[in-house]
Amino acid sequence: MMETNMEPRFRIFDVLQAEDYEQIVFCQDQASGLKAIIAIHDTTLGPALGGLRMWNYASEEEALTDVLRLAKGMTYKNAAAGLNLGGGKAVIIGNAKTDKSEALFRAFGRYVQSLSGRYITAEDVNTSVADMDFIHMETDYVTGVSPAFGSSGNPSPVTAYGVYRGMKAAAKWKFGSDSLAGKTVAVQGVGNVAYNLCRHLHEEGAHLVVTDINEEALKRAETDFGATVVKPDEIYAVDCDIFAPCALGAIINDKTIPLLKAQIVAGAANNQLAEDRHGDVLEERGILYAPDFVINAGGVINVADELEGYNRERAMKKVELIYDNMQRVFEIAERDGVPTHVAAEKMAEERIQMMSRSRSQFLKVEKSLLGGR
């Protein structure tokens with residue numbers, strides 16, 4: 001018999017109430033080995049959209065902590081991007097190299113289907129188009145499937161274009177002109193998104209300094225864009241106008257900030273600030289920070305368009321608005337006298353609160369028309 005007097009190590013409802021999460025779904029399928037968690041943070045603006053990540057977490061508590069953090073982040077990203085979507089995320093506990101199977105992803109798809117559209121899944125770390133196709137066999141509430149099913153295909157070029165537009169907005173605010181011609185941009189990481197970003201920057205006439213642990217990626221950037229290559233630990237101290245983190249998160253920290261010579265930090269990486277206080281430190285040093293969840297929203301904007309029947313031209317026009325969203329962040333920061341990372345959160349929260357008030361008012365009117373029933 002299960003003991004009932006054990007003190008819980010992780011008070012789930014305390015965590016949910018503290019950050020006002022709506023729902024957690026624990027998913028288990030013994031036949032396929034599925035162990036997954038779906039977290040829905042907020043659906044004020046619409047169904048929760050967020051990717052499915054597969055990771056070999058050290059513990060179930062670590063997996064839960066991660067999915068909750070990621071779900072809340074998607075609420076802010078989707079709201080700041082102007083999407084009529086809420087925030088959610090999902091994780092599968094397992095080794096992506098050895099534990100993947102059709103049965104596992106189809107079992108997960110059935111759990112997504114059971115939520116009747118409250119959560120829409122997508123690709124994320126260690127999941128692929130093929131995995132999304134398996135999920136699609138069980139539910140329509142999935143994006144990023146094969147183009148044959150009407151998806152948008154590889155999101156990297158679209159994400160890169162959004163970062164490029166956001167970088168131009170930051171240049172406009174900092175330098176008075178959004179032209180990047182003649183500017184030196186230090187790019188950390190030259191993966192799919194960053195390579196496409198470098199292409200835009202090169203075409204406009206920017207000088208590129210790049211680093212990566214992948215020698216082939218570096219040679220490609222050097223050959224295609226005339227980029228200068230530096231060692232990974234040298235990228236922070238490059239004499240440049242803009243530092244573009246496009247690899248790991250938490251790279252703006254106590255060790256790296258004193259090395260920075262850039263006047264702008266604007267890149268594609270997620271969770272660039274190791275801690276929120278590092279955004280304050282950038283502000284104190286006069287470095288303009290383009291908040292990551294605003295500038296790198298091109299990917300989610302692109303897959304969200306699939307929900308309307310994907311149209312590339314329409315999606316790209318929406319991504320172009322990242323320029324305006326970034327300008328709005330800078331305006332709020334100036335208006336309220338706060339660092340830009342705080343302003344970005346305010347922008348997202350203001351939109352959510354506005355829609356929440358509007359919905360409440362509608363319900364009151366509806367109740368009144370029904371005679372209080």
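Below are the figures for this structure:
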{"read-out": "Around residue 182: net Lys/Arg minus Asp/Glu count, Cβ-Cβ under 12 Å", "value": "-1"}
{"read-out": "Relative packing of peptides 229-240, 87-98 - highest average C-beta neighbours within 10 Å first", "value": "87-98, 229-240"}
{"read-out": "Charge sum, other residues only, whose C-beta stays under 9 Å from residue 127's C-beta, Lys/Arg counted +1 and Asp/Glu -1", "value": "-1"}
{"read-out": "At R0 = 30 Å, FRET efficiency that the Cβ-Cβ distance of residue 114 and residue 192 yields, to 0.05", "value": "0.35"}
{"read-out": "Surface accessible to a 1.4 Å probe, per residue, for the residues of the chain, Å²", "value": "48 Å²"}
{"read-out": "DSSP bridge orientation in the chain - percent antiparallel, rounded to nearest 5", "value": "35 percent"}
{"read-out": "Residue order for 108, 26, 293, 134 - accessible surface, 1.4 angstrom probe, largest first", "value": "26, 134, 293, 108"}
{"read-out": "Burial order of peptide ranges 187-194, 151-158 (average beta-carbon count within 10 Å, highest first)", "value": "187-194, 151-158"}
{"read-out": "Carbon + sulfur, % of accessible area of the chain - ligands and nucleic acids excluded, 1.4 Å", "value": "49 percent"}
{"read-out": "R0 of 41 Å, Cβ-Cβ distance residue 103-residue 58: FRET efficiency to nearest 0.05", "value": "0.95"}
{"read-out": "Two-site FRET efficiency, residue 11 against residue 213, from Cβ-Cβ distance with R₀ of 45 Å, rounded to 0.05", "value": "0.65"}
{"read-out": "Cβ-based net charge around residue 222, under 13 Å, with every Lys or Arg adding one and every Asp or Glu removing one", "value": "-2"}
{"read-out": "Inter-label distance, nm, simple model (7 Å from Cα along the C-beta direction), residue 356/residue 65", "value": "2.6 nm"}
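The values are calculated or read from the model by the stated rules, or taken from the named source; none is laboratory data. This structure is a prediction, so every number in the text was calculated from the model and none was measured. Note that each Cβ is placed from the backbone with ideal geometry, even for glycine, and that neighbours are counted across all protein chains shown. Remember, those area values only see protein heavy atoms, side chains included, never the ligands or the DNA or RNA. Shrake-Rupley method; radii C 1.70, N 1.55, O 1.52, S 1.80 Å.
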